[in-house]
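Here the structure comes first, spelled out in structure tokens, and everything after it is commentary.
The values are calculated or read from the model by the stated rules, or taken from the named source; none is laboratory data. Predicted, not measured: the structure shown is a model, and the values here were computed from it. Methodologically, a virtual Cβ is constructed for each residue, glycine included, from the backbone with ideal geometry; neighbour enumeration extends over all protein chains shown.
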Amino acid sequence: MRMITKLALMTLAPFVTILSAHAETIRINPSASQVTWMGSKVVGGSHTGSLAFKSGEIEYQNGKPTSAKLVVDISSLKNEDLKDADLNKKLVGHLLSEDFFNVAKFPTAQLLINKIEPMGGGTYDLTGELKILDATRPIKLKAIEKATSTGRSIRSEFKFDRTEFGLRYGSGKFFKNLGDKVISDEVSVSVSLELEPSRPTAQK
């Protein structure tokens with residue numbers, strides 16, 4: 001009997017290992033997820049707006065996130081504070097031009113997360129890379145994951161120096177005598193993700 005039990009346990013061991021190392025890929029719901037941005041002048045007002053996601057996937061291992069890839073559609077850029085239609089269109093057109101995001105040549109931006117450390121209470125420290133235009137820079141940020149009635153949601157806020165990615169228009173670091181036209185190098189970003197139902201990752 002002991003021999004039979006031992007053989008049975010040996011037979012089941014590989015399956016137990018597979019179950020304990022359960023991997024899944026969860027896609028974001030692009031229509032329910034977005035990026036909110038804020039840019040400002042050094043002296044004067046600020047502008048806020050949004051960007052849509054083109055795609056996004058988060059890898060989970062045993063129910064915990066391990067990595068992520070988010071692709072933002074730059075052509076979806078919107079301004080939310082200018083009510084005058086002509087001024088709004090002018091600002092958005094300028095931001096999409098070669099002075100800023102050059103969307104004709106660089107239609108997307110990417111946030112790649114390759115290290116996720118749980119800090120407790122659904123909070124995580126994330127390490128990865130942010131790619132805008134043809135520049136890629138390291139980035140660290142925090143994220144909060146919560147359970148929802150339809151699945152999971154993730155929220156994160158961070159800031160980055162736009163000039164590190166070649167977005168130098170109106171920067172006091174590169175242009176002199178701009179007066180009150182100096183634009184802050186710091187851009188504030190909020191990320192809101194709603195996740196789709198999970199699906200198993202194919203075993204390699």
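Out of the residues in the stretch 96-128 that are under 23 Å from ILE139 (Cα atoms) and free of Cβ contacts under 8 Å to residues at least 24 places away in the same chain, which is surrounded by the fewest Cβ atoms within 10 Å (Cβ to Cβ)? Lay out the reasoning, then the answer.
The first filter runs over the stretch 96-128 and keeps only residues under 23 Å from ILE139 (Cα atoms), leaving 100-103, 106-128.
Next, from what is left, pick out any that are free of Cβ contacts under 8 Å to residues at least 24 places away in the same chain: 117, 119-121, 123, 125, 127.
Values: GLU117: 9, MET119: 11, GLY120: 6, GLY121: 8, THR123: 12, ASP125: 13, THR127: 13.
Per the stated criteria, the residue is GLY120.
How many residues are in contact (Cβ under 8 Å) with a residue 12 or more places away in the chain and of a type in the set (Lys, Arg) when one looks only at the stretch 63-90? Even if it seems obvious, please write down each step before you answer.
Initially, the stretch 63-90 is screened for residues in contact (Cβ under 8 Å) with a residue 12 or more places away in the chain, giving 63-82.
Retained after the next criterion (residues that are of a type in the set (Lys, Arg)): 64, 69, 78.
Number satisfying all stated conditions: 3.
Enumerate the strands (runs of 3 or more DSSP E) found wholly within the stretch 1-86, keeping only those where 1 or more residues are surrounded by fewer than 16 Cβ atoms within 10 Å (Cβ to Cβ), among the basic types (Lys, Arg) and modelled with pLDDT under 95.
Filter on the stretch 1-86 gives 64-79.
Quick check on my filter: what residues within the stretch 110-134 are aliphatic (A, V, I, L, M) and touching a helix residue (DSSP H, G or I) at 6+ places or on another chain (Cβ under 9 Å)?
Filtering the stretch 110-134 for residues aliphatic (A, V, I, L, M) gives 111-113, 116, 119, 126, 130, 132-133.
LEU130, ILE132, LEU133, listed by residue number.
Which of the residues belonging to the stretch 157-181 are part of a strand (DSSP E or B) and either among the basic types (Lys, Arg) or buried (at least 16 other Cβ atoms within 10 Å of the Cβ) (or both)?
Start the filter on the stretch 157-181 by keeping residues that are part of a strand (DSSP E or B), which leaves 157-161.
Those that are part of a strand (DSSP E or B) and either among the basic types (Lys, Arg) or buried (at least 16 other Cβ atoms within 10 Å of the Cβ) (or both): PHE158, LYS159, PHE160.
Yes or no: LYS181 farther than 28 Å from ALA68 by Cα, free of Cβ contacts under 8 Å to residues at least 12 places away in the same chain and charged (D, E, K, R)?
no
Out of the residues in the stretch 144-156 meeting the condition of being in a strand (DSSP E or B) and of a type in the set (S, T, N, Q), tell me which one is farthest from ARG27 (Cα to Cα). Steps first, answer last, please.
Filtering the stretch 144-156 for residues in a strand (DSSP E or B) gives 144-147, 152-156.
Of the ones still in play, those that are also of a type in the set (S, T, N, Q) are 153, 156.
Values: SER153: 11, SER156: 17 Å.
So, considering only residues that are in a strand (DSSP E or B) and of a type in the set (S, T, N, Q), the one farthest from ARG27 (Cα to Cα) is SER156.
Pick from ASP185, ASP134: which is buried (at least 18 other Cβ atoms within 10 Å of the Cβ) and of a type in the set (Asp, Glu)? Before you say what the answer is, go through the steps one by one.
Numbers: ASP134 fails: buried (at least 18 other Cβ atoms within 10 Å of the Cβ).
Checking each option against the conditions leaves just ASP185.
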